[in-house]
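Undergrad: Here you go, one structure.
Derivation of every value follows stated rules applied to the coordinates shown; laboratory data play no part. Keep in mind it's a predicted model, so treat the numbers as computed, not measured. Here Cβ is always computed from backbone atoms with ideal geometry, including for glycine, and neighbour counts include all displayed protein chains.
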Amino acid sequence: MKIPAIILFACAPAFTAPAPQPCASCHPKEVSGYARTGMANSLFRPQGQPSGRFSHALSGSAFSIQSTASGMRQRMERNGFEGEFPVEYVIGSGNHAFGYLVRIGDFLFQSPVSYYSKKKLWDMAPGYEGDRNPDFTRPVAIECLVCHSGKPLPVADTLNRYQSPAFESEAISCDRCHGPVEAHLHAPSPRNILNPRKLSARMRDSICEQCHLGGEARIPNPGQRIGDFHPGQILEEVFSVYIFKNPLGGLKVVSHAEQLALSTCARQSGDKMWCGACHNPHDKPGNVATYYRAKCLNCHGADLVKTHPRPSEDCVGCHMQRQTAKDGGHTAFTDHRIRRRPNLALQPPDSMRELAAWHDPAPPLAKRNLGLANITVGERDLSASHMDAGYRLLSDVYEASPKDAAVVTALGLVLLRKGRPVEAARLYEEALSLQPAYAPYHINIATAWNQAGDTAKAISHLEKAIGMDPSLESAYRKLGEIYSQKKQPAKLRETLQRYLKFDPNNVTVRTLLDEQ
């Protein structure tokens with residue numbers, strides 16, 4: 001959920017969510033079974049959560065978590081200061097872990113702590129392990145919530161502002177796989193509701209891939225965002241997923257579809273094997289080993305057991321062993337590569353990993369989306385080769401279509417990283433002109449002008465960002481850094497105090513203020 005310093009993609013307009021779905025009246029078995037699955041428990045209010053405490057040695061932070069019948073509160077202590085936040089939502093089913101969201105005003109932020117249910121321990125949330133100043137300031141953008149919730153209700157043109165309540169449907173709802181339900185509710189019929197099994201292979205697989213294929217980059221098409229996908233489309237009508245061409249060098253949390261495609265089972269099935277071939281989305285198996293063994297024997301035949309080495313009662317436990325996810329904290333996930341030799345070492349990644357589309361988008365978008373993917377990965381991995389590859393692709397795209405804010409912003413980012421801040425600032429200003437209501441674009445411009453030495457322009461844009469969105473901690477931080485460099489302590493204190501009006505419990509800012 002980490003938001004980069006430079007915002008590549010602006011938020012699109014808010015969701016218009018459909019009415020609630022009274023599916024249980026006609027499908028009681030499916031609904032009751034679904035209630036036991038992880039998808040049905042993907043996001044909820046904080047009740048029945050564990051209490052606890054732990055320390056983060058790197059930052060010197062002490063965390064305590066109190067959970068009662070009335071809710072949950074998380075407290076952080078550091079440098080003699082403490083901040084306490086009520087938890088608004090629990091994110092995740094707990095099959096592996098729970099994450100937590102706090103609400104400050106109308107804005108959602110990620111808690112820096114998670115509960116790892118498999119190991120029954122509290123620790124830092126993924127991405128916070130190396131943070132020397134963790135706090136409750138990481139914005140939860142709509143892209144973070146699409147696969148962890150039912151129907152988020154964001155405010156248009158904001159990074160992490162939501163309506164109240166923030167979700168019309170908290171957990172993942174039936175329409176996520178079966179499509180719009182209005183016509184079906186009006187006149188129930190198999191002809192007006194989608195059954196994924198009856199779709200073409202690409203449409204069918206797209207339903208699962210919308211959440212179970214993270215790839216290295218997910219690039220929305222112009223004017224769209226990840227959450228615009230709906231069943232009956234192919235994924236590339238809304239966004240493209242990019243992966244490394246070489247086989248995986250380690251599991252990621254959301255790479256199930258990519259792993260499965262590498263398996264001999266899937267490659268030899270002729271598109272017949274898909275997620276639904278083994279998983280029942282409407283229920284959770286009681287005996288996991290027995291359930292999946294039956295699925296394996298359904299394809300491989302019972303005769304396999306006669307020649308198979310003992311033990312042979314747990315196919316998944318042997319051929320789909322759990323592996324530590326490199327981006328999942330204290331979690332291990334099932335390896336969907338279905339390897340014949342379960343102890344085969346994982347192939348390490350190549351030093352230069354070329355990106356490729358999972359499935360190609362429409363030809364007019366091929367260069368654009370691949371270019372954006374390269375720059376996204378280049379910024380994440382500090383890879384100059386990916387940044388250069390993306391810049392070459394997007395330079396051609398920009399000449400043909402200069403009114404694409406994502407393209408303009410990405411080109412500006414590369415120029416900024418190459419030490420050409422004035423050119424970057426001009427491009428960032430173009431992006432702002434295309435979406436003037438999006439406050440984070442002012443931060444991009446300010447970053448470039450500050451690097452160019454024009455602190456007056458940088459201050460002006462940071463003030464505009466704060467005026468439009470008082471939650472943008474990075475805007476106050478950058479403004480404070482400028483005043484510190486200019487040796488204007490009064491202005492620095494004033495800036496820090498202004499942020500504390502928005503978030504009075506912020507330990508990091510209170511520490512900085514105390515040091516002045």
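Undergrad: Distances over 23 Å make up what percent of all Cα-Cα pairs in the range 23-190?
TA: Within the range 23-190, distances greater than 23 Å cover 45 percent of Cα pairs.
Undergrad: Report the rotationally averaged projected area of the range 380-490 based on its alpha-carbon convex hull, in square nanometres.
TA: One quarter of the hull surface, i.e. the mean projection, equals 7.3 nm².
Undergrad: Related question: Find, among the GluC sites (Glu not before Pro) in the range 457-516, those assigned to loop by DSSP (not H, G, I, E, B) with at most 10 other beta-carbon atoms within 10 angstrom.
TA: none
Undergrad: Return, ordered by residue number, the residues of the range 106-121 whose backbone nitrogen is under 12 Å from a label point located 7 Å along Cα→Cβ of F54.
TA: Under cut-off, by backbone N: 112-121.
Undergrad: Residues with amide H under 5 Å of D123's amide H, sequence separation 5 or more or different chain, H placed in the peptide plane at 1.01 Å from N; which?
TA: Amide H to amide H, under 5 Å and 5 or more residues apart or across chains, D123 pairs with S114, Y116.
Undergrad: To continue, here is another question. Report the number of Lys pairs in the range 378-501 whose alpha-carbons are under 17 Å apart, with separation of 8 or more residues or on distinct chains.
TA: 9
Undergrad: Please report the base-10 log of the normalised intensity I(q)/I(0) for the chain, using a Debye sum with one equal scatterer per alpha carbon and no solvent, at each q in 0.06, 0.09, 0.13 (1/Å).
TA: So the normalised log intensities work out to -0.31, -0.71, -1.48.
Undergrad: Another question, then. Taking the Cα-to-Cβ direction at A289 and at S395 and moving 7 Å from each Cα, how far apart do the two end points lie in nm?
TA: 6.0 nm
Undergrad: If each residue's Cβ is checked for other Cβ atoms within 10 Å, how do R225, R341, R353 rank with the fewest at the top?
TA: R341, R353, R225
Undergrad: Using R₀ = 22 Å, calculate the FRET efficiency as 1/(1 + (r/R₀)^6) where r is the Cβ-Cβ separation of A187 and K29; round to 0.05.
TA: Calculated transfer efficiency: 0.50.
Undergrad: Mind checking which lysines have their C-alpha under 26 Å from K151, skipping anything on the same chain fewer than 8 residues away?
TA: Cα-Cα hits under 26 Å: K2, K29, K198, K252, K284.
Undergrad: Dividing the Cα radius of gyration by the Kirkwood radius, what Rg/Rh value follows for the range 427-481?
TA: That ratio is 0.93, to two decimals.
Undergrad: Continuing with the same structure: Please report, in Å, the Rg and the Dmax of the range 131-224, where both are computed over Cα atoms only.
TA: In Å, with Rg to one decimal and Dmax whole: 16.7, 57.
Undergrad: Let me ask something additional. Neighbour counts of other C-beta atoms within 10 Å: give me R310, R380 arranged from fewest to most.
TA: So the residues, fewest neighbours to most, are R310, R380.
Undergrad: Turning to a different aspect of this structure: Kindly put L121, L462 in sequence by how many other C-beta atoms sit within 10 Å of each C-beta, fewest to most.
TA: The order, fewest Cβ neighbours first, is L121, L462.
Undergrad: Using a Förster distance of 45 angstrom, determine the FRET efficiency expected from the C-beta separation of D271 and S433, and round it to 0.05.
TA: 0.50
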